[in-house]
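Bear in mind that the values in this text are calculations on the coordinates, not laboratory data. Model, not experiment: these values are computed from the prediction. Cβ: placed from backbone, ideal geometry, glycine included. Neighbour counts: every protein chain shown.
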Amino acid sequence: MMLRILAIAGLCTAALSGCDTPSVDAPLSVAGSPKPGYQADLAQCQAEAQQIGQGHIGKSAALGGAGGALVGATENSDKALAGAIFGAMAGAAVGDVQVKQAQRDYLIRCMQARGHAVIN
């Protein structure tokens with residue numbers, strides 16, 4: 001039973017982390033030709049964007065683990081452990097997706113604020 005729950009948890013986590021949120025390093029689309037200073041601004045905005053969400057993934061994993069343990073505890077201790085593991089894995093995956101999206105959004109806004117016609 002425990003192995004089956006862990007296998008399901010692994011599949012769910014893989015599905016959540018498979019969301020196609022572009023990373024901070026993925027190319028940006030620019031309307032027209034890049035303006036002078038584009039590469040320097042890009043490097044600076046990427047560095048700033050990578051600071052967004054530090055610690056968020058760990059917090060999401062902890063909250064997911066606690067929630068999973070509470071749900072599993074209503075049945076028995078094996079299910080509480082499995083619930084905690086599944087919840088932590090799912091929480092980490094969701095946290096990772098949220099952080100990547102926030103970083104990408106910051107990067108786009110940063111480049112636009114510097115006058116570059118970035119569209120995504």
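Some points to look at:
- FRET efficiency for Ala31 and Ala102, using Cβ-Cβ distance with R0 set to 22 Å, rounded to 0.05: 0.40
- 13 Å cut-off, amide nitrogen to a point 7 angstrom out along Ala117 Cα→Cβ, residues in the stretch 32-53: 32-36
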